[in-house]
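What follows draws every value from the coordinates through simple rules; no lab data is involved. Just so we're clear, the structure is a prediction, and the values are computed from it rather than from any experiment. Counting neighbours? That spans all protein chains shown, and the Cβs are built from the backbone with ideal geometry, glycine included.
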Amino acid sequence: MSFNKYMLNKINERHESGLYRELSIYPTSSVDFSSNDYLGIAKSNSTGSTGSRLISGNSKKIVNLENTFSKLVGSEASLFFSSGYQANVGLIPALSDRDTVIFYDELIHASLRDGIRLSLASSFSFRHNDLGHLESRLSNSNGKKIIIAEAVYSMDGDSPCVDSLIDLCNRYGAELIIDEAHSFGISGVKGLGLVADKQLSSQILATVYPLGKAVGSSGCFIAGSKILREYLINFCRSFIYSTAPSLSIVKEVGSQLNELIFLENRNKVIENKNYFLERIKAKNILTGQNSAIVSVQYGDSKSLKNIESLLFDNGIVVKAILYPTVAKGTERLRICFHTFNSKKEIDLLLNILNQDN
Ligand SMILES: Cc1ncc(COP(=O)(O)O)c(C=O)c1O
């Protein structure tokens, strides 16, 4: 059974049992005996959402933000969450039952892994970006299949070929979830991530857009079909049982998304990264062309910690990423480039890193 059919059946069951949930917007003049704003502080400051979206936390502003975002990334619909973690730990269990099999890249983010752990699905990892390995896994399994990948991996800075993932989905009757946390704002011609860049949204079950990275805010959109949105409103526990994002966040996200769309110096991120890559002497470098992230791997944690402190003593903050965040033997300095990093700053970083080489 396709996921669309599965979701529609479950939605119909809710209708038939009288348990169907939908979001309402009440007139501001209505008398409030439902919100959790017990002391009226949210009301007097026009800030807090006062409850979950299904009780008192929905508003025209949040729905408009979702519609604007859907148009921006070319999806039919989207649903806003308070964080990427909350979105991922809700999305995956909501879509999975005991008949679901999840195939995930071994380097996916902890929030996606936790979503898998919370689900009833069985799950298998495949070697990082190894689509041959993924295919061999897919060909050996039955059930409702979901593939989970990221558009840019947060530690290695590289990307999968999304077209090939979609091709595998089509050939093996699987559906795809892609997390665009580190690609949104950076990758693609307009900086809207890999899915929007190639207008692939209609071929992907859910695309996750956490906003704490290039948007510089917080919150997260899950973009997909109208059916997916309706389904999540009914079945996604982290959406249903949590206070809606506050109106201040909705406002901030709206204005910072607008800023991102019209930003003229976005390319500076990749320019800065390339300037660094052309000059760094170390050989054990991980990155990808779509990302702002470069990892420099060190053989052992001790020399890695030494270089981290040396950089800090010179006024540079770069974090050493240790086991268990990354696998043993792949400990690294994770360097994130920004539009605002100057050549002088990059030269200082290079001088220190190149000292040993
Ligand atoms: C790929 C990915 N997904 C999800 C998240 C979680 O997003 P948030 O910080 O909004 O909870 C992160 C955060 O680091 C991430 O890197």
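Laid out as a table, the results:
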item: Sites matching GluC sites (Glu not before Pro) across the range 45-153 that sit in DSSP coil, with at most 15 neighbouring C-beta atoms within 10 Å; result: Glu76, Glu106
item: Of Leu349, Val152, Ser17, farthest towards positive along the dipole that unit charges on Lys, Arg, Asp, Glu beta carbons give the chain; result: Ser17
item: Long-range HN-HN contacts of Glu175 with modeled amide H, under 5 Å; result: Lys145, Ile146, Ile147
item: The range 268-354 - convex hull of the alpha-carbon atoms, volume per residue in Å³; result: 90 Å³
item: Dipole of the range 29-150 [Lys/Arg +1, Asp/Glu -1 at C-beta], most positive-end residue of Ser56, Ser119, Asn142; result: Ser56
item: Interchain or long-range residues, amide H under 5 Å from Glu150's placed H; result: Asp179
item: Loop sites in the range 162-268: trypsin sites (Lys or Arg not before Pro), DSSP, at most 11 other Cβ within 10 Å; result: none
item: Check: the range 13-96 dipole with +1 on Lys, Arg Cβ and -1 on Asp, Glu Cβ, in debye; result: 240 debye
item: Note, ³J(HN,Hα) from phi for the range 45-52, Karplus 6.51, -1.76, 1.60, rounded to Hz, x at Gly and Pro; result: 9, 6, 10, x, 7, 6, x, 6
item: Modelled FRET efficiency - R0 41 Å, Ser136 with Leu23, Cβ distances, 0.05 increments; result: 0.45
item: Calculated from backbone phi, Karplus (6.51, -1.76, 1.60) coupling profile of the range 337-352 in Hz, x at Gly/Pro; result: 8, 10, 5, 8, 6, 8, 4, 4, 5, 5, 4, 4, 4, 4, 4, 6
item: Residue among Tyr231, Tyr298, Tyr153 with the largest mean-square fluctuation in a Gaussian network model of the chain, springs linking Cα atoms under 10 Å; result: Tyr298
item: Dipole of the range 3-262 [Lys/Arg +1, Asp/Glu -1 at C-beta], most positive-end residue of Leu192, Asn36, Cys236; result: Asn36
item: GNM result for the chain, Cα springs below 10 Å: residue of Ser119, Ser96, Ser303 fluctuating most strongly; result: Ser303
item: Long-range HN-HN contacts of Lys319 with modeled amide H, under 5 Å; result: Arg334
item: MRE, 222 nm, helices only [DSSP H, n ≥ 4, -39500 (n - 2.57), over the chain, to nearest 500]; result: -12000 deg cm²/dmol
item: Zone residues, the range 240-254, relative to Ser44, backbone N less than 19 Å from point 7 Å out along Cα-to-Cβ; result: 247-248
item: Point-charge dipole on Cβ atoms (K/R +1, D/E -1) for the chain, about Cα centre, debye to 20; result: 200 debye
item: Translational diffusion coefficient (Stokes-Einstein; Kirkwood radius from C-alpha pairs) of the range 174-259 at 4 °C, 1.567 mPa s, in µm²/s; result: 94 µm²/s
item: Choice from Pro324, Pro245, Pro160 with maximal GNM fluctuation in the chain (Cα, 10 Å cutoff); result: Pro324
item: Spread of Cα-to-Cα distances over 5 Å intervals beginning at zero, given as percent, for the range 220-324; result: 2, 8, 11, 13, 13, 11, 12, 14, 10, 5, 1
item: Residues of the range 154-171 with amide N under 15 Å of the 7 Å Cα→Cβ point at Leu277; result: 156-160
item: Cα-centred dipole magnitude for the range 268-354, charges only on beta-carbon of K, R (+1) and D, E (-1), debye, nearest 20; result: 120 debye
item: Antiparallel bridge percentage (DSSP; both residues within the chain; nearest 5); result: 50 percent
item: Förster radius 30 Å - calculated FRET efficiency between Ser30 and Ala110, Cβ distance, rounded to 0.05; result: 0.15
item: Enclosed volume per residue, in Å³, of the convex hull spanned by Cα atoms of the chain; result: 154 Å³
item: Part-to-part distance (alpha-carbon centres) for the range 284-338 and the range 64-130, which is given in Å; result: 27 Å
item: Filtered GluC sites (Glu not before Pro), the range 232-265: DSSP coil and at most 13 other beta carbons within 10 Å; result: Glu264
item: For the range 240-257, Karplus couplings with θ = phi - 60° (6.51, -1.76, 1.60), whole Hz, Gly/Pro x; result: 5, 9, 9, 4, 5, x, 6, 5, 5, 5, 4, 5, 4, 4, x, 6, 6, 5
